[in-house]
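Written below as structure tokens is the structure these notes are about.
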Amino acid sequence: MSTDIRQTEDTEEIEGPAQRIARRRRRAGVTLAVVCLLLFFAFWYAFSYYRAASEPRQVTTACPTSAQVRPADVSLNIYNATDKNGLAAKASNAMAARGFFIGTVANDPKKAKVPGVAQVRYGSATVNEARFVALHVPGATLVNDGRTSGDIDLVLGERFTAVKPPPAPSRPPGC
């Protein structure tokens with residue numbers, strides 16, 4: 001057995017194995033307390049970000065009202081992506097009656113499958129007009145295909161039955 005001799009100001013203190021063990025335990029306890037405290041604050045900090053991310057945020061966007069976009073301002077191509085004959089013609093008659101400028105009425109040139117109601121394909125210059133068209137076909141999804149032209153394609157899908165009655169003035173989908 002070895003003993004350590006520690007000198008203090010006035011006296012010499014002999015430290016035995018029991019005192020060394022007690023000192024190590026105190027040091028381990030203090031270290032453990034500091035680590036636990038650091039972990040607590042790290043989890044608290046991470047949880048504050050988690051909680052902030054899960055709270056709904058109110059996003060304000062400059063969306064047009066239906067008064068800002070008029071049907072006559074929209075150049076609309078209507079395509080049928082289904083096996084139902086005459087679907088695009090029926091939809092084009094309904095949209096023309098509402099005042100939309102109808103361009104091409106045909107089968108979908110991309111031959112894409114549209115499992116839902118419809119797709120509204122548009123470019124970045126016609127976002128507001130595409131949202132306005134989507135108001136007339138509830139359930140339609142907006143697809144920005146990167147086109148540079150100012151026309152919009154309404155591609156009718158498997159679940160499309162008819163153009164709905166004209167909507168009351170409200171906020172377009174996505175606003």
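The values are calculated or read from the model by the stated rules, or taken from the named source; none is laboratory data. What you see is a predicted model, and the numbers here were worked out from it, not measured in a lab. Neighbour counts are summed over all protein chains in view; Cβ atoms, including those assigned to glycine, are modelled from backbone coordinates with ideal geometry.
Structure data summary
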item: Any hit, the range 87-97, residues being surrounded by 15 or more Cβ atoms within 10 Å (Cβ to Cβ), out of contact with any strand residue (DSSP E or B) (no Cβ under 7 Å at 6 or more places or on another chain), at negative phi and small (Gly, Ala, Ser); result: yes
item: Only listed residue being outside the structural domain of Thr141 (by TED's automatic domain parsing), loosely packed, with under 12 Cβ neighbours inside 10 Å, among the small types (Gly, Ala, Ser) and at pLDDT below 90, chosen from Ala18, Ala28, Ala33, Ala42; result: Ala18
item: Residues of the range 47-77 satisfying the condition of being at pLDDT 85 or above and out of contact with any Phe, Trp or Tyr (no Cβ under 9 Å at 6 or more places or on another chain); result: Asn77
item: Selected residue [modelled with pLDDT of 90 or more and within 13 Å of Gly157 (Cβ to Cβ)] from Val114, Val120, Val105; result: Val120
item: Scope the range 81-133; condition without any contact (Cβ under 8 Å) to a residue 60 or more places away in the chain, assigned to a loop (DSSP other than H, G, I, E, B) and not hydrophobic (A, V, I, L, M, F, W, C); matching residues; result: Asp83, Lys84, Asn85, Gly86, Gly99, Asp108, Pro109, Lys110, Lys111, Lys113, Pro115, Gly116
item: The listed residue being more than 17 Å from Gly99 (Cβ to Cβ), modelled with pLDDT of 90 or more and either in a helix (DSSP H, G or I) or out of contact with any helix residue (DSSP H, G or I) (no Cβ under 6 Å at 6 or more places or on another chain) (or both), out of Asp153, Asp145; result: Asp153
